[in-house]
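Presented below is the structure to which this report refers.
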């Protein structure tokens, strides 16, 4: 009965209205009253200061917010909210998603990564890689398996996630920091209406300029166009988007799916007819609101959820 009440509270929280444009959401949004017996905890990715930090303000300190699942599978997901690399949609692409993951038995870590125009690549990717390494290095502490750690991103956070799943390493065994000794490869990825390409006509220019500045090197544009970086080692990926998204067109998701398919990487893509950009969970929509259920089936198929 306790678990049922917890899920009910979660569903009430995640069905709160979310604005259609993720890029307009602000980082200052405050989290809700907690939906479980364990309060979320926030900690810095680098306790002694982040590499490349330009100051000591909140915006200079990348963090993870840990939302533990009280019951469920030993699986964790790092959530990267969108916001065009210039803001973070911490409400409908952050804590609401984390509580939904908790409700299905998955622990969540919401990533607050550094943003442009103050910070440019490779800072954002470094924050994402450090988040994956941190959760993996501390897996026993969190009660999760080190090979069941995924990353989930929306919009620009989807670009960051797709970058993390196409640019990773196995860790430095000689690093003095034990966190740096483990792999930064996510075991699976979940992309919601993601920015993918920086070279195609449908590239999201706001994300591109915030991440890379006004005159990026063409080679860097290709390096950070995730559809061009897929290999057979890219992890299994779930994608969803809508045909009506004019901010980040569905071509982004299609291009990435086709690259995954060509490389024989397990992948699943859902394109819904209706829905604007930045919908988040959108559980109130009878059609688009089905995507979380489809994701549950996909995760179960990978053996990442309890039967």
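We did not get these values from a lab; they are worked out from the coordinates using the rules stated. Quick caveat, the model's predicted, so the values are computed rather than measured. Ideal geometry is used to build each Cβ from the backbone, glycine not excepted, and the neighbour counts take in all protein chains shown.
So the values come out like this:
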read-out: Residues of region 278-303 that turn out to be touching a strand residue (DSSP E or B) at 6+ places or on another chain (Cβ under 7 Å) and over 25 Å from residue 83 (Cβ atoms), as a count; value: 3
read-out: Residues satisfying the stated conditions in region 204-215, i.e. surrounded by fewer than 24 Cβ atoms within 10 Å (Cβ to Cβ), part of a loop (DSSP other than H, G, I, E, B) and touching a residue at least 12 places away in the same chain (Cβ under 8 Å); value: 213
